[in-house]
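Chemist: Submitted below is the structure of interest, expressed as structure tokens.
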Amino acid sequence: MIELKSRDEMDRIAAGGAIIGALYQEIRSHIKPGVSTGELDRFAEEFIRSHDGAEPAFKGLYGFPGTVCASINEEVVHGIPSDDRILKEGDILSLDTGVRLDGWCSDSAWTFPVGEPGTATARLLEVTEAALDAAIKVAVPGKHVGDIGHAVERTVKGTGFSIIRDLVGHGIGRKVHEQPQIPNRGRPGTGPALEEGMVLAIEPMIAIGTWRIRTMEDRWTMSTTDRRPSAHFEHTVGVTGDGPLILTRALGPAVEHGPALP
Ligand code: MG
Ligand code: MG
């Protein structure tokens, strides 16, 4: 069942989501060669908890040990933060985190270059962010879940990159994962109809090489089977009659990340 949210409830989700947006702005300057994903995880947890009532929504979720999922290069999602994972020049790092505030959850992911990205990875980041942007634009009443996946496909087509097929976005609200699932591929006009009040975590994951993934020995990290890099961008988005509302952006004039509202 898809649970619809009132505009007031969307505002409450946005209050938590703004913490994630601000976190990504703050943490950006800490993502550099020599830093471990364990340090970044502690920074993120302290940052989230420094906001009254806010808690990391991923910590302990299904048993996940971290505040952030920190996935480097070929790791697509669910990388476990560790003091032994040290970033180096030319890596890309996908951070994915959730906040629970006032009983409402928000979820957002961003992929950051470590130092100067190579040409191919820079292009990968650009295309994946553009895919998220395109997907958000069609999150309006009257469209369908298939239109979201189709927007991702349209953006990626012709780039030579591939869409990770086995991982999907999701509805979100009182729980991190709610119905419906949001695949990153689809046909227009198919799947559940989008309605005012839906809140969706839209999250394209795009790889330079194969779309095939496998779970690593730690039972969490999912990596591309060809070990080529992949990127992940995600926003929590409210479907409204006034257009899509991005609920995981930092508030205020300092916003510099995130696709522009249409
Ligand atoms: Mg996420
Ligand atoms: Mg998600």
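The values are calculated or read from the model by the stated rules, or taken from the named source; none is laboratory data. The model shown is predicted, which means the values in this text are computed figures rather than measured ones. Quick reminder, even Gly has a Cβ in these numbers, built from the backbone with ideal geometry, and neighbours come from all protein chains shown. When the accessible area is computed, the model is the full protein with side chains, heavy atoms only, and any ligands, DNA or RNA have been set aside. Shrake-Rupley method; radii C 1.70, N 1.55, O 1.52, S 1.80 Å.
Chemist: Using a 1.4 Å probe, how large is the accessible area of residue 175, given in Å² and rounded to the nearest 10?
Modeler: Residue 175 has an accessible surface of roughly 130 Å² with all protein chains in place.
Chemist: Over the chain, average the accessible area per residue using a 1.4 Å probe and give it in Å², no decimals.
Modeler: Counting only protein heavy atoms, the per-residue value for the chain is 42 Å².
Chemist: Gap in Å between the Cα centre of the stretch 57-106 and the Cα centre of the stretch 1-29?
Modeler: Centre-to-centre (Cα) distance: 17 Å.
Chemist: Mind telling me which of 118, 17, 158 comes out most flexible in a GNM of the chain, alpha-carbon contacts under 10 Å?
Modeler: 158
Chemist: Ordered by packing density, taken as the mean number of other Cβ atoms within 10 Å over each peptide's residues, highest first, how do 47-54, 76-83 rank?
Modeler: Answer by packing, highest mean first, reads 76-83, 47-54.
Chemist: May I ask you to rank 217, 153 by accessible area, largest first, using a 1.4 Å probe over the protein chains only?
Modeler: Heavy-atom accessible area, descending, gives 217, 153.
Chemist: ³J(HN,Hα) across the stretch 37-48 via Karplus (A = 6.51, B = -1.76, C = 1.60, θ = phi - 60°), whole Hz, x for Gly/Pro?
Modeler: Once rounded to whole Hz, the list reads 5, x, 4, 5, 5, 5, 4, 5, 5, 5, 4, 5.
Chemist: Tell me which residues come under 5 Å, amide H to amide H, from residue 173 once H is placed; ignore anything under 5 positions away on its chain.
Modeler: It is 105, by chain and number.
Chemist: Volume per residue, Å³, of the convex hull around the alpha-carbon atoms of the chain?
Modeler: 116
Chemist: Here's another thing I want to ask about it. Give, to the nearest whole percent, the P(r) tail of the stretch 135-262 beyond 17 angstrom, counting all Cα pairs.
Modeler: 60
Chemist: Given a 1.4 Å probe and the protein chains all in place, what does the accessible area of residue 155 round to, in Å² to the nearest 10?
Modeler: About 40 Å², rounded to the nearest 10.
Chemist: Using modelled amide H (1.01 Å from N, peptide plane; none on Pro or chain starts), what sits under 5 Å from the amide H of residue 36, excluding residues fewer than 5 places away?
Modeler: Result for residue 36 returns 87.
Chemist: What does the charge add up to near residue 243, with Lys and Arg as +1, Asp and Glu as -1, over the other residues with Cβ less than 15 Å from its Cβ?
Modeler: -1
Chemist: In what sequence, largest accessible area first, do 101, 95 appear using a 1.4 Å probe?
Modeler: From most accessible down to least: 101, 95.
Chemist: Rounding to the nearest 20 debye, state how big the charge dipole of the stretch 1-114 is about its Cα centre with +1 on each Lys and Arg Cβ and -1 on each Asp and Glu Cβ.
Modeler: Result for the stretch 1-114 is approximately 100 debye, rounded to the nearest 20.
Chemist: Would you kindly find the accessible area of residue 4, with a 1.4 Å probe and non-protein molecules such as ligands, DNA and RNA excluded, rounding to the nearest 10 Å²?
Modeler: Residue 4 has an accessible surface of roughly 90 Å² with all protein chains in place.
Chemist: Starting with the highest mean, order 84-93, 226-235, 242-251 by the number of other Cβ atoms within 10 Å, averaged over the residues of each peptide.
Modeler: Top of the packing list down: 226-235, 242-251, 84-93.
Chemist: Separate question: For a test of the definition: using alpha carbon positions, the gyration tensor, and the 1.5 limit on a/c, classify the stretch 51-166 as rounded, prolate or oblate.
Modeler: Oblate shape, in that a/c is at least 1.5 and b/c is the bigger or equal ratio.
Chemist: Given only helices, namely DSSP H runs of n ≥ 4 each adding -39500 (n - 2.57), what is the per-residue ellipticity at 222 nm of the chain, to the nearest 500 deg cm²/dmol?
Modeler: Taken over the chain, the calculation gives -8000 deg cm²/dmol.
Chemist: A further question follows. Once you charge only the Cβ atoms, +1 for Lys and Arg and -1 for Asp and Glu, what is the size of the charge dipole of the chain about its Cα centre, to the nearest 20 debye?
Modeler: Computed about the Cα centre, the dipole is about 680 debye.
Chemist: In percent, what relative contact order does the chain have, based on Cα pairs under 8 Å that are 6 or more apart in sequence?
Modeler: Answer for the chain is 24 percent.
Chemist: In terms of modelled amide H atoms, which long-range or inter-chain residues lie less than 5 Å from the amide H of residue 194?
Modeler: 142, 143, 144, 145
Chemist: Out of the total accessible area of the stretch 7-246 (probe 1.4 Å, heavy atoms of protein only), what percent is carbon and sulfur?
Modeler: Looking at the stretch 7-246 in its full context, I get 47 percent from C and S.
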